[in-house]
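As structure tokens, the structure follows; a few thoughts come after it.
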Amino acid sequence: PKPEVPPSAAAAPNRVERAKARSKRGPEQEAPPQPPPSATAAPGPVKRVEESADSPEAKQQRGPAGSPGGVSGLLQRLGRLEDSRQRAAELFRWLVAPVAPEQFFGRYWERAPLLLRRGDPGYYAGLFSTADFDAALRMGKVHFGTHLDVTSYAEGVRETHNPSGRALPAVVWDFYQNGCSLRLLCPQAFSTTVWQFLSILQEHFGSMVGANTYLTPPGTQGFAPHYDDIEAFVLQLEGKKHWRVYRPRTDAEVLPQFSSANLTQAELGEPILETVLEAGDLLYFPRGFIHQGDCLPDAHSLHITVSSYQRNSWGDLLEKLLPAALQMALEEDVEYRQGLPMDYLRYMGVTNSDAVDTRRTAFMEKVQSLIKKLVDYAPIDAAVDQRAKSFLHDCLPPVLTQSEKAHSMLGFPARWRDGGPCDIDIVMMKDTEVRLLRHGIIRLCNEEGGVVLYYTTENSRVYHKEEPKFLEIDPEYTDSIEFLLSSYPKYVRVDTLPCEALEDKISLATLLFEKGVLITKKPLVQV
């Protein structure tokens with residue numbers, strides 16, 4: 001293939017025009033990822049919270065940090081909290097401040113959009129910037145389609161202009177200069193700060209937390225109106241962007257399982273919220289709420305959409321649970337294995353749906369009875385464990401603080417020195433004090449082959465790049481793992497693990513330490 005022509009005022013439109021011939025992609029997907037409220041299809045007036053960043057209430061609600069020190073300072077302060085669940089809760093409190101989390105979940109979550117005007121351009125400082133975007137491109141690891149989409153939306157037409165191969169800075173910025181939006185699909189793979197931010201939040205939601213960043217040139221729009229299958233938090237990082245949000249059009253679009261196709265302006269109706277987001281502001285909208293954003297002529301826009309709760313509904317749980325319940329019922333209850341009536345085809349089916357027949361009534365009652373009995377066979381905890389197993393595979397690996405590294409396998413000082421390896425032996429003693437690195441990084445599951453411990457510490461920063469990580473555990477170790485979970489965040493001595501033999505206690509602690517699941521109160525080797 002011919003090399004790309006260097007960007008110039010004349011060459012740029014040609015690149016866009018060439019790309020227009022490529023296949024179109026679907027609508028904007030904000031990230032890869034409960035009973036719906038009765039009135040979500042028609043929420044009440046949108047609450048627009050307009051708190052000054054310096055007001056006493058805002059400072060109180062902001063949590064562990066406002067903008068001083070930016071996001072990096074915030075994450076450092078959170079790192080001093082011992083309990084990862086508390087870290088996650090405080091980070092979410094900061095995210096929706098000055099609205100209290102309890103108010104957010106009671107009034108807005110899955111119900112209605114929320115606009116937060118902070119008047120603090122530095123609120124998200126250090127999370128991600130155009131300089132970070134440029135640095136990611138210069139790493140040479142960003143590829144079109146896999147990591148980056150080049151998009152446009154003009155005169156009602158949404159197009160994707162992705163070339164093949166690596167996203168070289170000259171090519172990418174050429175597209176941008178000629179009116180294309182840039183969507184970075186996994187900023188956590190290129191930014192340690194975004195990675196840490198998302199990895200903490202995922203423990204609060206108990207569901208995968210993903211992100212995309214969107215860089216849009218002045219006076220343009222990159223995506224058609226659409227709705228998504230995730231709960232979306234739009235964090236305006238730089239510049240400003242004009243947003244319009246529309247309520248779900250039908251009951252079927254309230255909390256949808258899947259994102260919509262691109263919609264036309266004629267399908268939208270009137271927005272229930274129209275605003276211009278500026279740096280430091282936040283816009284939340286639930287899945288199913290149609291939205292579109294465009295740049296004003298006088299400023300570019302950079303925002304990051306943080307999202308969660310993709311396919312995390314009661315219905316998604318039942319998709320796992322009901323087949324398992326039916327299988328168990330078939331194995332244990334002969335009533336489910338008894339044959340259907342020989343003549344049921346004569347009076348059942350759509351053709352006979354209006355017929356008045358006692359046999360139809362009896363048939364329907366029998367089906368209803370069998371369905372009700374399924375509850376007795378539903379392995380609810382096992383189905384929840386399977387969802388937890390999937391969640392742990394979705395999870396980002398934890399980002400360790402300097403202190404945690406020094407007390408973990410990552411900080412173990414094994415190295416080559418004086419012609420050979422040294423400090424390679426992990427020596428756990430009975431009085432060594434250990435604890436889990438994070439509360440949410442492991443899950444015990446009973447499977448056909450035995451007891452399995454799933455963990456996240458060896459996951460990839462790229463979604464599902466690695467296979468699920470697990471250890472097959474001797475059933476004798478189950479109580480010890482549960483003990484570590486219940487003791488968290490306290491340290492416990494190895495000899496207090498409820499295994500029979502001291503050798504087994506040390507063996508288990510060593511294994512979990514090697515996998516990054518455990519840390520020690522003091523470094524195992526003093527350097």
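Structure notes:
- Linear extension gain, D423 paired with E82, 0.36 nm per residue minus alpha-carbon span: 120.0 nm
- CD proxy at 222 nm, helix term only [per DSSP H run n ≥ 4: -39500 (n - 2.57); per residue of the chain; nearest 500]: -9000 deg cm²/dmol
- Rounded D (µm²/s) - segment 92-230, Kirkwood Rh over Cα pairs, Stokes-Einstein at 25 °C, 0.890 mPa s: 144
- Rounded to the nearest 20 debye, dipole of the chain from Cβ charges on Lys, Arg, Asp, Glu: 1300
- The Cα-based radius of gyration and maximum Cα-Cα distance (Dmax) for segment 179-297 are 14.8, 42 Å.
- Here the spin labels are modelled as points 7 Å beyond Cα on the Cα-Cβ line, and at D474 and Y336 they lie 3.6 nm apart.
- Alpha carbon centroid spacing (whole Å) that separates segment 312-350 from segment 472-521: 42
- Cross-link pairs beyond the 26 Å C-alpha cut-off, checked among K320/K405; K465/K505; K465/K522; K465/K490; K430/K515: K320/K405; K465/K505; K465/K522; K465/K490
- In segment 181-236, Cα pairs under 8 Å separated by at least six residues give a relative contact order of 41 percent.
- Anisotropy class of segment 381-520 from Cα gyration tensor, a/c 1.5 cut: oblate
- Furthest towards positive pole of dipole, L326, Y284, H204, structure part the chain, Cβ charges: Y284
- Across q = 0.16, 0.23, 0.24 Å⁻¹, segment 314-378 modelled as identical point scatterers on its alpha-carbon atoms has Debye log10 I(q)/I(0) values of -0.66, -0.97, -0.99, in the order of the q list.
- Relative contact order of segment 314-378, defined on C-alpha pairs under 8 angstrom at six or more residues apart (%): 54
- Isotropically averaged projected area of segment 70-308, using the convex hull of Cα atoms (one quarter of hull area), nm²: 12.8
- Surface share of carbon and sulfur [accessible, 1.4 angstrom probe, percent] for segment 70-308: 50
- Here the label points at S487 and S72, each 7 Å from Cα along the C-beta direction, are separated by 3.7 nm in the simple model.
- When you filter the trypsin sites (Lys or Arg not before Pro) in segment 123-225 for DSSP loop state and at most 13 other Cβ atoms inside 10 Å of their Cβ, you are left with K141.
- When Rg/Rh (Cα atoms, Kirkwood Rh) is computed from the coordinates, the matching label among [x] 1.15; [y] 0.99; [z] 1.03 is [z].
- Qualifying chymotrypsin sites (Phe, Trp or Tyr not before Pro) for segment 235-342 [loop in DSSP, other Cβ within 10 Å: at most 12]: F258
- Test item: Cα-centred dipole of segment 314-378, Lys/Arg +1 and Asp/Glu -1 on Cβ, debye: 180
- The apolar share of the surface of segment 367-468, taken as the fraction of accessible area on carbon and sulfur atoms (1.4 Å probe, ligands and nucleic acids excluded), comes to 52 percent.
- Spacing of the modelled spin labels on R107 and E447, each 7 Å from Cα toward Cβ, amounts to 4.5 nm.
- Computed from the C-beta positions of S353 and E270 and an R0 of 30 Å, the FRET efficiency is 0.15 to the nearest 0.05.
- Candidates per GluC sites (Glu not before Pro) in segment 411-488, loop by DSSP, up to 14 other Cβ within 10 Å: E448, E458, E466
- Average accessible area per residue (Å²) across the chain - probe 1.4 Å, nucleic acids and ligands excluded: 48
The values are calculated or read from the model by the stated rules, or taken from the named source; none is laboratory data. The structure presented is a predicted model; accordingly, all values stated were derived computationally and were not measured. Positions of Cβ are generated from backbone atoms using ideal geometry, with glycine treated the same way; all protein chains shown enter the neighbour counts. Keep in mind that these areas ignore ligands, DNA and RNA; they rest on the heavy atoms of the full protein, side chains included. Shrake-Rupley method; radii C 1.70, N 1.55, O 1.52, S 1.80 Å.
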